[in-house]
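No value in this document is a laboratory result; all are computed from the given coordinates. Fair warning: this is a prediction, and the values are worked out from it, not measured in the lab. Using ideal geometry, Cβ is built from the backbone for each residue, glycine included, and neighbour counts are taken over all protein chains shown.
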Amino acid sequence: DTGVSQDPRHKITKRGQNVTFRCDPISEHNRLYWYRQTLGQGPEFLTYFQNEAQLEKSRLLSDRFSAERPKGSFSTLEIQRTEQGDSAMYLCASSEGVRGTDTQYFGPGTRLTVL
Amino acid sequence: AQTVTQSQPEMSVQEAETVTLSCTYDTSENNYYLFWYKQPPSRQMILVIRQEAYKQQNATENRFSVNFQKAAKSFSLKISDSQLGDTAMYFCAFMGGGSEKLVFGKGTKLTVNP
C-alpha cells in the first residue's frame, strides 16, 4: 500500500493555459475525491467518483473544470483557461467505498500557481 | 448547508502538556460523522480521530480524545502528553446529509514548544 499519489506536485502556469492533474488512489479503493485548498482555509469539496461514475459535483466546479476516472482507477482533473483565482492546492483522497462514510485518505496535493 | 467553525486560528502548548482544540458545527441532520484531520507542515493530511453521531461514547485514539456534545453541536479534540510531532494544522470536518463530501473548518494551527 503506497498511499494516494498525485502528479505533479507543483505546477506553475500562465493565465489562460490549460492544466491537468493526476491522482492515483490507494489500490482497490472504489471512491475517489477531489478537494481544493486555498491559503488559510480548509479544503473545499469539488467532486467525487465511485468507480467510473461521477456521483457528486460542487457548485465550485465551474464549466472550466472537468474530472474523469475512465477505468475506475486513476483520475484526472483538468482546468481550462486558468485564472489567477484557480491558484490553490488541489487534493485528492480515496476511500474503500464499502461504506460511503469510510475514512478518506489524502494525497500530498498538487500546488497550482497561476501567473 | 452544513458549516464547521474552528474559533482558534492558532494555539501553542508546551511539550508533555495537554491542549484542547475547539470545533462547533451546524446541521439539521441527525445522522452524521465528525472527524479531526492533521496536516503537518508540507505533508499530507491524515486522519486523527472520527466520531459517529449515533454513538454516545466519545472516541479515543491513544493520546487523542474527543468531547462530543451533540446537543451543543460541539466536537473538541484533546491532545494529551503533547509531542513535538503534533505540531500541525488541525482541521475539524463534518460528513452527513446523505453526502460523502467532507465539510472542513478553517483549521487551527497548533505549535508544540520544547
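Observations on the structure shown:
- Reference-scaled alpha-carbon Rg (2.2 N^0.38 Å with N residues) for chain A: 1.00
- With the convex hull of its Cα atoms as the shape, the protein assembly as shown has an orientation-averaged projected area of 12.6 nm².
- Listed pairs A:K11/B:K106; B:K73/B:K101; A:K11/B:K109; A:K14/B:K101; A:K57/B:K101 exceeding 21 Å between Cα atoms: A:K11/B:K106; A:K11/B:K109; A:K14/B:K101
- Spin-label model distance (nm) - B:T20 vs A:N30, 7 Å beyond Cα toward Cβ: 4.0 nm
- The protection proxy used here, the mean number of other Cβ atoms lying within 10 Å of each residue, ranks peptides B:29-39, B:54-64 as follows, highest first: B:29-39, B:54-64.
- Stretch gain in nm, segment B:Q69-B:S42, where the contour uses 0.36 nm per residue and the Cα spacing is subtracted: 6.5 nm
- Alpha carbon centroid spacing (whole Å) that separates region A:32-80 from region B:59-88: 30 Å
- Its convex hull of Cα atoms gives region A:22-71 a direction-averaged projected area, equal to a quarter of the hull surface, of 4.1 nm².
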